Amino acid sequence: MRFDLYLQAEFQEQLDAIVGDMQLWQGQISPCEGEEALLRKCIQCFSHTTQREALLVAGVDGSGDFPMLSYADSFVYMSVAQATVYAADFAYGLRELEDPLGRSLGISWLPEHNERGPVAFEKALERAAGLMSLGWSLMDVIQESDYRQLKAQETGKKSIGKPGKLFEDLIRPHASDTGNVAIQLRSTAEMGAAFRLLVGNQPLNYLLMDTTFALPLVTNPKNSLFYEHLKRLCCVKARGQDIGFFTLSKSHGLPGMEFLERIAAELQGLVKGDVAEHWYLRVPEPDQDQWALSMAQGRRLPPPGAVSYLVRFHKNTPVMRLDMDRAYWKTFIKGSNDSETQRNESRVFEDLDYASHDQRAFGYPYPIKAAHDRASLTQTERLTYRKQLIAKAIAGGMNPNLFRDPSMATGHR
């Protein structure tokens, strides 16, 4: 790359234009009339929590190599997922329990072929999710999930079609569509690890993941992604066991957050410049709460079938977004009055605050951080896995000259 771009007038003009657009966009975010008074009422604080008993928190994360290698006109992909479980310990804080699943590896071969490619992708999804070891199939997941009910609701159709039709219309990308394949296999691997924890009857209070409850194609009357069905099946299984299955994202995706933070600081009696911590706000829904959060306009927040919160555990970590299943919220969080609901919400956030005191991830639930660290592949691991695959292929009589690392071959790594 040449580094003289900053000297070019055209580049500077584009920078100025971008900054202007950003300033204009940010300037349009302003509270609606009466919104500040509502926010002062709805922003709630919870206690800093350093002691808990009988609390079990699991975290799940995933990664992979997308692709590991190419061979002629086919590709090899690898997905990785890891789950961790921690218990509250009076003397030591979070105490890790025995690894319930181990590091889950799913290696799949996808040919660039109109007929064999989609079939191979289906097997790749089953392998990434770990369904075969449970005796489940893709069709079983689609049948047991509540995704199709949400899809019917969001598309305005009374019936979205039978499970067989939904299976037929799953999006199956070409083997060479690496970005699409990567998203699907990684998301499926993560949700698969969560699903295996849930069907394994692991005694949990909370199951946490670093993602959101967004369903990208739920408004599409025809197509869907398999991991959307699996995500909603995890919701079904979790609420059936009274487990809080939550997603926590460090990117809330909302502008004007300084407005909320100022109100939270004032509610806590902080001096100007201090950062408020241990507070939350449930994102209102116009059809349920009779008011809307101005900064959420034009965004699908909360996602269909979910309830969303903005929460801050510690001043050194950002405001995060927490999503939970709406059915779980109605059963276990929503009370007969506002005070009861707030007590239930505070209990949840105090539990999560307790799980956020590990010095390696202070202000963020450590079980997710631990799962992320163990699921992440090092460069040495990637190279080792590739070499092992090539060695076995050569021993089987395959041509070594047809193996390629796509990123290395084009100088992109």
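The values are calculated or read from the model by the stated rules, or taken from the named source; none is laboratory data. Note that the coordinates shown come from a computational prediction; the quantities given were computed from them, not determined experimentally. So basically every Cβ, Gly included, is an ideal-geometry build from the backbone, and we count neighbours across all protein chains shown. Surface areas here come from the heavy atoms of the whole protein model, side chains and all, with no ligands, DNA or RNA. Shrake-Rupley method; radii C 1.70, N 1.55, O 1.52, S 1.80 Å.
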Task: Cα radius of gyration and Dmax for the chain (Å) - done: 23.5, 74
Task: Student exercise, the range 29-91 dipole from Lys, Arg, Asp, Glu Cβ charges, in Debye to nearest 20 - done: 240
Open item on the list: How long are the semi-axes of the equivalent ellipsoid of the range 135-255, taking √(5λ) for every eigenvalue λ of the Cα gyration tensor, in whole Å from largest down?
Closed with: 22, 18, 16
Open item on the list: Report the Cα-based extents of the range 311-374 along its three principal axes, largest first, to the nearest Å.
Closed with: 40, 24, 17
Open item on the list: I'd like the Karplus ³J(HN,Hα) series for the range 108-123: coefficients 6.51, -1.76, 1.60, θ = phi - 60°, whole numbers in Hz, and an x wherever there's a Gly or Pro.
Closed with: 9, 9, 10, x, 7, 8, 5, 9, 6, x, x, 5, 5, 5, 4, 5
- [ ] Take the solvent-accessible surface of the protein heavy atoms, probe 1.4 Å, and return the percent of it on the chain that carbon and sulfur atoms account for.
- [x] 51
Open item on the list: Over 10 Å intervals from 0, what percent of Cα-Cα pairs in the range 285-391 sits in each interval?
Closed with: 12, 30, 29, 16, 10, 4, 0
- [ ] Mind pulling the angle between the C-alpha long axis of helix 178-199 and the longest principal axis of the chain? Nearest 10 degrees, somewhere in 0 to 90.
- [x] 70
Task: Degrees, to the nearest 10: 379-395 long Cα axis against longest axis of the chain - done: 20
Task: Along each principal axis, Cα extent of the range 115-160, largest first, Å - done: 34, 27, 13
Task: Over the range 198-339, volume per residue of the alpha carbon convex hull, in Å³ - done: 143
- [ ] Sum up the charges of everything whose Cβ sits under 9 Å from the Cβ of Thr212, counting Lys and Arg as +1 and Asp and Glu as -1, but leave Thr212 out.
- [x] 0
Open item on the list: Test of understanding: what is the full-extension gain from Leu383 to Arg404, defined as 0.36 nm times their sequence separation minus their Cα-Cα distance?
Closed with: 6.3 nm
Open item on the list: Only four residue types carry charge here, +1 at the Cβ of Lys and Arg and -1 at the Cβ of Asp and Glu. Report the dipole size of the chain about the Cα centre in Debye, rounded to the nearest 20.
Closed with: 1040
Task: Estimated vicinal HN-Hα couplings, Hz - the range 239-245 in sequence order (Karplus 6.51, -1.76, 1.60; Gly, Pro = x) - done: 5, x, 10, 6, 9, x, 8
Task: Nonlocal amide H pairs with Met68, under 5 Å, H built at 1.01 Å - done: Val76, Tyr77, Met78
Task: Approximate spin-label separation Asn223-Gln51, in nm, with each point projected 7 Å along Cα-to-Cβ - done: 5.6
TODO: For the range 145-190, compute Rh as the Kirkwood radius over C-alpha pairs and then the Stokes-Einstein diffusion coefficient at 25 °C and 0.890 mPa s; write the answer in µm²/s, rounded to an integer.
DONE: 199
Task: Point-to-point label distance, Met139-Glu258, nm (Cα→Cβ direction, 7 Å offset) - done: 5.7
Open item on the list: I want to make sure I understand the PRE zone here: with the label point 7 angstrom from the Cα of Val275 toward its beta carbon, which residues in the range 348-372 have backbone N atoms less than 11 Å away?
Closed with: 363
Open item on the list: With 23 Å as the cut-off, how large is the P(r) tail for the range 52-147, expressed as percent of Cα-Cα pairs?
Closed with: 45
Open item on the list: Quick check: residue separation of Glu10 and Lys162 times 0.36 nm, minus the Cα distance between them. What number comes out in nm?
Closed with: 49.2 nm
TODO: Using only the alpha carbons, work out the radius of gyration and Dmax of the range 68-112 in angstrom.
DONE: 18.2, 57
Task: Candidates Ala37, Ala81, Ala264: whichever shows maximal mean-square fluctuation once the chain is modelled as a Gaussian network with Cα springs under 10 Å - done: Ala37
Task: Spacing of the two label points (7 Å from each Cα toward its C-beta) at Gln268 and Ile183, in nm - done: 3.6
Open item on the list: Quick check for you: with a 1.4 Å probe and neighbouring chains kept, what is the accessible area per residue of the range 225-333, in Å²?
Closed with: 37
